[in-house]
Amino acid sequence: YYCTTAGIADLRERTLIAVKPDGVQRRLVGQVVQRFEKRGFKLVGLKMLKAPEDLLSQHYQNLQKKPFFPEVLCYMSSGPVVVMVWEGYNVVQTCRMMVGKTNPAEADPGTVRGDFGIHVSRNVVHASDSVEGAQREIQLWFDCKELMDWDCCDHNKIYEL
Ligand code: GDP
Ligand code: MG
């Protein structure tokens with residue numbers, strides 16, 4: 001069974017989601033944002049920027065030895081990205097599920113990548129893959145002053161409190 005009363009800390013889990021340059025170019029920002037809003041997650045940070053190369057290489061530090069690493073940096077710096085922080089219960093895992101497999105060719109329909117992507121080199125969005133990874137990425141992309149603490153008026157329609 002599931003304990004229905006989640007701890008306050010569980011409801012404050014955060015993840016970093018980014019619409020990559022291809023997603024911005026293809027005007028998919030609104031549709032991506034809408035999916036997480038509809039699900040019930042709370043948007044606590046959002047900005048658009050052209051990501052500097054050093055930020056990108058830190059963001060993708062675990063890919064540094066991969067052959068496609070230079071391609072990823074080139075892709076990610078090819079235009080502006082829209083970076084967001086979403087908050088809620090189990091948000092990291094749920095957003096990964098909603099984003100779908102890394103390779104859009106393997107991503108299920110209904111996921112962002114499965115609905116909007118075809119090839120692994122242009123997979124529309126980024127989503128943190130763990131709670132620790134999310135914390136690291138959020139600190140990398142956002143100043144704490146850029147993250148909003150606010151109360152959702154329908155909080156008790158989404159969670160049993
Ligand atoms: P993610 O967490 O699902 O985004 O996947 P990874 O952390 O493994 O990889 C990060 C990003 O690198 C992916 O989202 C893709 O944009 C890119 N990437 C991964 N594998 C490949 C590949 O084989 N070729 C290319 N060109 N890019 C890749
Ligand atoms: Mg990853």
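The values are calculated or read from the model by the stated rules, or taken from the named source; none is laboratory data. What you see is a predicted model, and the numbers here were worked out from it, not measured in a lab. Glycine gets a Cβ as well: all are built from the backbone with ideal geometry, and neighbour counts include every protein chain shown. Only protein heavy atoms, including side chains, enter the accessible area calculation; ligands, DNA and RNA are left aside. Shrake-Rupley method; radii C 1.70, N 1.55, O 1.52, S 1.80 Å.
List pairs: first in the stretch 56-71 and within 7 Å of ligand 1 (Cβ to nearest atom), second of a type in the set (Val, Ile, Thr) and assigned to a helix (DSSP H, G or I), Cβ under 7 Å, 6+ apart or cross-chain?
From residues that are within 7 Å of ligand 1 (Cβ to nearest atom), the pairs are 60/72; 63/72.
Do you know which residues across the stretch 121-141 are over 18 Å from residue 32 (Cβ atoms) and not acidic (Asp, Glu)? Talk me through it step by step, then tell me what you get.
As a first pass, look at the stretch 121-141 and keep what is over 18 Å from residue 32 (Cβ atoms): 121, 130-133, 135-136, 139-140.
Selection gives 121, 130, 131, 133, 135, 136, 139, 140.
Scan the stretch 106-113 and tell me whether some residue there is near ligand 1 (Cβ under 10 Å from one of its atoms) and among the hydroxyl-bearing types (Ser, Thr, Tyr).
For the stretch 106-113, residues near ligand 1 (Cβ under 10 Å from one of its atoms) and among the hydroxyl-bearing types (Ser, Thr, Tyr): absent.
Any residue at all in the stretch 18-26 that is touching a residue at least 60 places away in the same chain (Cβ under 8 Å) and assigned to a loop (DSSP other than H, G, I, E, B)? Show your work before the answer.
So the first thing to find is which residues in the stretch 18-26 are touching a residue at least 60 places away in the same chain (Cβ under 8 Å), and the list is 18-23, 26.
Now drop any that are not assigned to a loop (DSSP other than H, G, I, E, B), which leaves 20, 26.
Looking for residues that are touching a residue at least 60 places away in the same chain (Cβ under 8 Å) and assigned to a loop (DSSP other than H, G, I, E, B), one finds at least one in the stretch 18-26, hence yes.
Consider only pairs whose beta carbons are under 8 Å apart and that are at least six residues apart or on different chains; among these, list those whose first residue lies in the stretch 125-148 and is within 27 Å of residue 26 (Cβ to Cβ) and whose second residue is within 12 Å of ligand 1 (Cβ to nearest atom) and open to solvent by 70 Å² or more (accessible area, probe 1.4 Å).
From the stretch 125-148, the pairs are 127/96; 128/96; 129/96.
Kindly evaluate residue 22 against the criterion of being on the phi < 0 side of the Ramachandran plot and at pLDDT below 95.
Details: on the phi < 0 side of the Ramachandran plot: yes; at pLDDT below 95: no.
Taking the combined requirement at face value, the residue does not satisfy it.
Keeping to the stretch 144-159, report how many residues are acidic (Asp, Glu) and within 16 Å of residue 9 (Cβ to Cβ). Full working, then the answer.
Initial filter on the stretch 144-159 (acidic (Asp, Glu)): 146, 149, 151, 154.
Add one more test, that the residue is within 16 Å of residue 9 (Cβ to Cβ), and what stays is 149.
Final tally of qualifying residues: 1.
How do the strands (runs of 3 or more DSSP E) wholly within the stretch 29-145 filter down when requiring 2 or more residues that are modelled with pLDDT of 95 or more, within 29 Å of residue 156 (Cβ to Cβ) and open to solvent by 30 Å² or more (accessible area, probe 1.4 Å): which remain?
42-49
Name every residue in the stretch 83-93 that is more than 10 Å from the chain's Cα centre (by Cα) and more than 15 Å from ligand 1 (Cβ to nearest atom), in order of residue number. Reasoning before the result, please.
Restricting attention to the stretch 83-93, the residues satisfying the condition of being more than 10 Å from the chain's Cα centre (by Cα) are 87-90, 93.
Answer for the stretch 83-93, where residues must be more than 10 Å from the chain's Cα centre (by Cα) and more than 15 Å from ligand 1 (Cβ to nearest atom): 87, 88, 89, 90.
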